[in-house]
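Visitor: Once you've had a glance at the structure underneath, I'll fire off some questions.
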Amino acid sequence: MNIVLVGGGHAHLKCLTHIKKDTNLSNHTIMLISPDRYQYYSGMFSGFTEGIYSLDEIRIDLKKLSEEAGVVFVEEKVTGVSSASKTLTTANGDNISFDIVSFDIGSFMDAPKDFEKWLVPLKPNHLFPETIEAYRKQDYPVVIGGGASGAEIALAISAWRKKNGYPMNVLLITSSKLLPSSSKKAGAVLKRIALQKGVRVIEDDRLEELNDTHGKTEKGESFPHSNVLWLTGPKSSPIFRSSALPHDGDGFLLVKDSLQVPGFPFMFGAGDCISLKEYPHLPKNGVYAVKQGDVLIKNIFRVVQEEDCHSFIPQQNYLSLISSGNNEALLQYGNFSTHGKFYWKIKNMIDKRFIKRHK
């Protein structure tokens with residue numbers, strides 16, 4: 001039986017570690033397809049941006065990990081899928097057949113086309129390292145997006161610039177308050193920290209105009225820029241719409257709590273590229289993706305054995321650690337939040353442990 005994993009996201013990394021430990025899979029051909037040999041761990045992006053981590057410390061060698069697990073690695077980009085013929089199409093025009101397929105391909109940058117000329121792409125993840133190394137040196141760095149990703153990167157750029165003698169002029173713009181998915185207290189604490197660390201914050205406002213040198217918000221705030229990092233939220237891959245697979249209104253692959261695509265029990269999905277039918281508003285983050293990995297690999301082999309699948313039930317609360325620069329972090333759990341160097345040490349320990357597990 002041909003089992004194909006498309007993408008090297010958190011859930012599929014979890015699958016590879018399970019496959020590596022399982023000695024009863026010799027009767028199956030398992031393949032991992034990814035557009036890049038390396039998977040860059042988003043949890044350490046802010047640390048890399050700040051200069052704390054090296055490139056090798058934030059990436060996982062998918063080829064090496066696959067081969068150690070007895071999985072065939074193919075460095076290719078999947079551009080289409082046919083549920084009828086059970087084939088994948090790649091950017092090179094190759095067709096790859098499957099009996100079971102799983103998608104964990106992440107998400108893309110959701111930005112207005114009118115501003116594309118001046119936007120800096122950070123997704124897919126393999127674009128991040130080279131792009132951010134150049135961008136943090138720009139004359140007027142601007143980050144759009146007040147969620148955890150936008151706040152972390154803005155603070156990390158500011159910390160790096162302070163260490164390296166660059167002007168402290170990072171601008172962060174958000175259409176809501178900072179950390180809109182968290183408690184009001186957490187957002188207020190992070191805003192205070194950002195201001196203390198030299199990041200200018202514009203809340204409850206949107207970018208309206210952009211040209212080669214300046215931008216302007218809907219409320220009339222004008223600012224200079226050296227291109228813009230757009231980190232407002234995820235955008236789906238076009239392959240699910242173009243392949244006529246079940247998807248939500250935003251184009252994310254629709255799956256049941258078994259992580260199977262409705263009507264296609266041989267097709268699975270996990271991570272940022274999916275929308276859970278039973279939990280349509282579940283945030284797209286690595287915490288849930290890792291947990292999905294445990295259920296995903298078990299269900300793939302339950303389908304092989306023609307057994308009923310387990311359900312993925314997301315936890316209501318989880319520990320969140322947001323780096324705020326200078327080896328400090330904001331810890332959140334439910335409505336509780338606190339900030340300091342100790343919490344960055346916890347984050348650093350968790351992140352390094354994740355990387356080590358997949359080296």
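Visitor: Could you list, in sequence order, all residues of segment 242-288 that are touching a Leu at 6+ places or on another chain (Cβ under 9 Å), of a type in the set (A, V, I, L, M, F, W, C) and closer than 19 Å to SER42 by Cβ?
Guide: ALA270, CYS273, ILE274, LEU282, VAL287
Visitor: Next question. Restricting segment 241-251 to residues that are on the phi < 0 side of the Ramachandran plot and free of Cβ contacts under 8 Å to residues at least 24 places away in the same chain, which is least open to solvent (accessible area, probe 1.4 Å)? So that I can check it myself, show each step before the final result.
Guide: Initially, segment 241-251 is screened for residues on the phi < 0 side of the Ramachandran plot, giving 241-243, 245-250.
Narrowing the set further to residues that are free of Cβ contacts under 8 Å to residues at least 24 places away in the same chain leaves 241, 246, 249.
Details: ARG241: 122, PRO246: 34, GLY249: 72 Å².
Out of the qualifying residues, it is PRO246.
The rows are residues; the columns are (1) closer than 23 Å to PRO262 by Cα; (2) surrounded by 18 or more Cβ atoms within 10 Å (Cβ to Cβ); (3) more than 18 Å from the chain's Cα centre (by Cα).
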residue	(1), (2), (3)
VAL295	yes, yes, yes
VAL304	yes, no, yes
PRO314	yes, no, no
TYR318	no, no, no
TYR333	no, no, yes
SER337	no, yes, yes
LYS341	no, no, yes
LYS347	no, yes, no
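Visitor: Are there any pairs, at least 6 apart or on different chains, whose C-beta atoms fall under 8 Å, with the first in segment 327-349 and free of Cβ contacts under 8 Å to residues at least 60 places away in the same chain and the second basic (Lys, Arg) and open to solvent by less than 60 Å² (accessible area, probe 1.4 Å), and if so, which?
Guide: The qualifying pairs are ALA329/LYS347.
Visitor: For the condition out of contact with any Pro (no Cβ under 9 Å at 6 or more places or on another chain) and either open to solvent by less than 70 Å² (accessible area, probe 1.4 Å) or hydrophobic (A, V, I, L, M, F, W, C) (or both), what is the one hit in PRO124, PRO167, PRO129? Don't jump to the end; show me each part of the working.
Guide: Working: PRO124 fails: out of contact with any Pro (no Cβ under 9 Å at 6 or more places or on another chain); PRO167 fails: either open to solvent by less than 70 Å² (accessible area, probe 1.4 Å) or hydrophobic (A, V, I, L, M, F, W, C) (or both).
Being out of contact with any Pro (no Cβ under 9 Å at 6 or more places or on another chain) and either open to solvent by less than 70 Å² (accessible area, probe 1.4 Å) or hydrophobic (A, V, I, L, M, F, W, C) (or both) holds for just one of PRO124, PRO167, PRO129, which is PRO129.
Visitor: Would you point out the residue of segment 273-293, among those that are open to solvent by 40 Å² or more (accessible area, probe 1.4 Å) and part of a helix (DSSP H, G or I), that is modelled with the highest pLDDT?
Guide: Result: LYS291.
The values are calculated or read from the model by the stated rules, or taken from the named source; none is laboratory data. In this text the structure is predicted, and so the values were computed from the model without any measurement. Positions of Cβ are backbone-derived with ideal geometry, glycine not excepted, and every protein chain shown enters the neighbour counts. Side chains included, ligands, DNA and RNA excluded: accessible areas come from the protein's heavy atoms. Shrake-Rupley method; radii C 1.70, N 1.55, O 1.52, S 1.80 Å.
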